[in-house]
2 protein chains.
Amino acid sequence: MREFDEQGITAAVLARMDQCGDARFRQVMTSLITHLHDFVREVKLTDAEWMGAIQFLTGVGKTCTDKRQEFILLSDTLGVSILVITLNHPASGGTTDSTVQGPYYWEGAPELPNGANLAIGVKGEPAFYSGRVLSSDGTPIAGALLDIWSGDGEGTYDLQMEGDVGMKARGRIRTDAEGRYAFRSIKPEYYPVPTDGPVGIMLRRMGRHPMRPGHIHMMVSAPGHQAITTHLFAAGSEYIDSDAVFGVKESLVTPYAKHPPGAAPDGTRMETAYYTVNYDFRLRRA
Amino acid sequence: MREFDEQGITAAVLARMDQCGDARFRQVMTSLITHLHDFVREVKLTDAEWMGAIQFLTGVGKTCTDKRQEFILLSDTLGVSILVITLNHPASGGTTDSTVQGPYYWEGAPELPNGANLAIGVKGEPAFYSGRVLSSDGTPIAGALLDIWSGDGEGTYDLQMEGDVGMKARGRIRTDAEGRYAFRSIKPEYYPVPTDGPVGIMLRRMGRHPMRPGHIHMMVSAPGHQAITTHLFAAGSEYIDSDAVFGVKESLVTPYAKHPPGAAPDGTRMETAYYTVNYDFRLRRA
């Protein structure tokens, strides 16, 4: 068979995988090709739209650098990332929900002493975070690792700052013998995902705002447990009901308790108001 | 609504287009997002597969240069390009079929006199092409433009050759007052699509060969008519029944008549065997 009509082409492409030795890959590609062709037929994609899609995807690829991942942003803003996470990390047994990693993770943040300030010299209102890392049965986990990152108090990440500023508002903290962690950072603010690339153009054409509510990221891991990638969201933050990447989970929305100037939890004398956040993470046994 | 389960996320993403002022864009994105989410749910895409997809697509973008379009190659090898063409350019009324453009079109080939040799110094067996460009009712079209390109007789395109060789086996030819065109080039050979990039990796994992049967490309255009982008395929070429990009149409498969050394159609004294090809293109009125 050489020539295929608009229906037959799908079976023809699938038949070319007859020699595929990887059953899972074949299953994934079969579903992908079928849906891709169904989409093209359903909307009767025009030549110009097809070329627009080629140029868009090429632009997304070209926008990716070692400091920016526009394809993750595309996946995030189309709800694909959170769907993958929700499918693979269903909340159960009281373990902490996962959410999107986002495009700003930077491997290799410094390991700092429990209680350290991750945000020295970073703009924003100070916030003191504390809590425990627990196993799903409630047992505290000693030596669990929190790999923490966020933007500054204006929602700007170090990777987005002018010049090569190095790591800001990032650090790794280990729990103590009682499973306790503590660190100081800032109260995160809402901010726009990057809108100066192809995904920004897409969002504008969709009539969508690009905002994410204030949140701080962490990966939490411990031997013998499933690691999680998650956020804490600041309760009451603007855009908490319309996160541009659909990442909000009720269980991750956390009050930031405001305190007047005075002695902070770590004994620091604060000249300005500050916040405290208390949150326990629960990990599933591996 | 803040939090979405694995079904509800799709409606949530679609609802974000409430303010979209472009009805067609909204229709296309609605179908795309729905199929993309259905695909992810259907195969229960894992975290690692999602990250593999992000890396693959980023790699496809990074592989694109001003001389190589890996996203078009991806679309071609997944049968998407030919599907879009088949939907938008149904053969009817005896007009010439369209097929894929492929990734090697290079705008601005020199306009050469009718009868010119496009392949001076290009490897391959000589072939003399001739025929007419006709309107769908059979009226010859004077001044129709053929923008022609192919690889050499080993299937290598100028864009793939070592160094900056400039244009090879490319040229634009106009029909004469009787709608006739003629040019000399080579008999095209089968060749592999580029396999040193992400699409090559994908084809190997799918268990597919990367070969295209021998073909020569042309865009044919004329005032008052719909332009077509098409190929002529060499009848009997290897891989004609399993083109890696699904581009073969029976109506475009053309005999290459072989002749012993002697006087060619343009009067040239040929020292080697040569081929002749005769094909009439028919364009739909715009």
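Figures for the structure shown
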read-out	value
Net charge of neighbours whose Cβ lies under 14 Å from the Cβ of A:Tyr275, counting Lys and Arg as +1 and Asp and Glu as -1	0
Nearest-ten-degree value, helix B:23-43 long axis tilted from longest Cα axis of chain B	70 degrees
Label distances, nm, A:Thr195 versus same residue in remaining copies, Cβ-directed 7 Å point	4.7
About the Cα centre, charge dipole magnitude for the range A:74-283 (Lys/Arg +1, Asp/Glu -1 at Cβ), debye	140 debye
Charged-residue dipole, Cβ positions (Lys, Arg, Asp, Glu), the range B:161-286 about Cα centre, Debye nearest 20	320 debye
Exam field: B:Gln160 pseudo-label spacings to other copies (7 Å along Cα-Cβ), nanometres	4.3
Farthest positive-ward along chain B dipole, Cα basis, beta-carbon charges - from B:Gly166, B:Tyr104, B:His89	B:His89
Most fluctuating residue given options A:Asp243, A:Asp22, A:Asp147, as computed from a GNM of chain A linking Cα atoms under 10 Å	A:Asp22
Approximate spin-label separation A:Ala15-B:Arg174, in nm, with each point projected 7 Å along Cα-to-Cβ	4.5 nm
Kirkwood-type radius of the range A:1-45, with distances r between different C-alpha atoms, in Å	11.2 Å
Sites B:Arg205 and B:Ala273 - FRET efficiency at Förster radius 30 Å, r taken between beta-carbons, to 0.05	0.15
FRET efficiency, B:Ser251 to A:Glu250 (Cβ-Cβ, R0 45 Å, nearest 0.05)	0.15
Förster radius 35 Å - calculated FRET efficiency between B:Arg24 and A:Gln160, Cβ distance, rounded to 0.05	0.55
Nearest beta-carbon to the B/A symmetry axis - residue in chain B, distance in Å	B:Gly61, 0
Fluctuation leader among A:Arg212, A:Arg41, A:Arg24 - chain A, Gaussian network, Cα springs under 10 angstrom	A:Arg24
Relative contact order %, chain A, counting alpha carbon pairs below 8 Å whose residues are six or more apart	20 percent
Compactness of the protein assembly as shown as Cα Rg over 2.2 N^0.38 Å, two decimals	1.21
Using alpha-carbon coordinates, inclination of helix B:47-63 to the longest axis of chain B, degrees	30 degrees
The range B:1-83: translational diffusion in µm²/s, Stokes-Einstein, Kirkwood Rh over Cα pairs, 20 °C, 1.002 mPa s	140 µm²/s
Label-to-label distance, nm, for residues given as A:Ile120 and A:Ala142 (7 Å Cα→Cβ offset)	2.8 nm
Virtual spin-label span in nm between A:His259 and B:Lys67, 7 Å along Cα→Cβ	6.4 nm
Helix-only CD estimate at 222 nm, as mean residue ellipticity for chain A, using -39500 (n - 2.57) per DSSP H run (n ≥ 4)	-8000 deg cm²/dmol
Student exercise, the protein assembly as shown dipole from Lys, Arg, Asp, Glu Cβ charges, in Debye to nearest 20	80 debye
Tally of Lys pairs whose C-alpha atoms are under 17 Å apart, taken over chain B, 8 or more apart or cross-chain	5
Gaussian network model of chain A, springs between alpha carbon atoms under 10 Å - residue of A:Gly155, A:Gly124, A:Gly21 with greatest fluctuation	A:Gly21
Protection proxy ranking of A:219-227, B:108-116 - average other beta-carbon atoms within 10 Å, highest first	A:219-227, B:108-116
Two-decimal ratio, chain B, of alpha-carbon radius of gyration to 2.2 N^0.38 Å	1.18
For the range A:74-283, share of DSSP beta bridges that run antiparallel, in % to the nearest 5	75 percent
Inter-centroid distance (Cα atoms) of the range B:13-79 relative to the range A:46-86, Å	6 Å
Cα centroid separation - the range B:208-248 against the range A:178-221, whole Å	47 Å
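Every number in this text was worked out from the coordinates using simple rules, so none of it is lab data. None of the values given here were measured: they were computed from a predicted structure. Note that we place each Cβ from the backbone using ideal geometry, even for glycine, and neighbour counts take in every protein chain shown.
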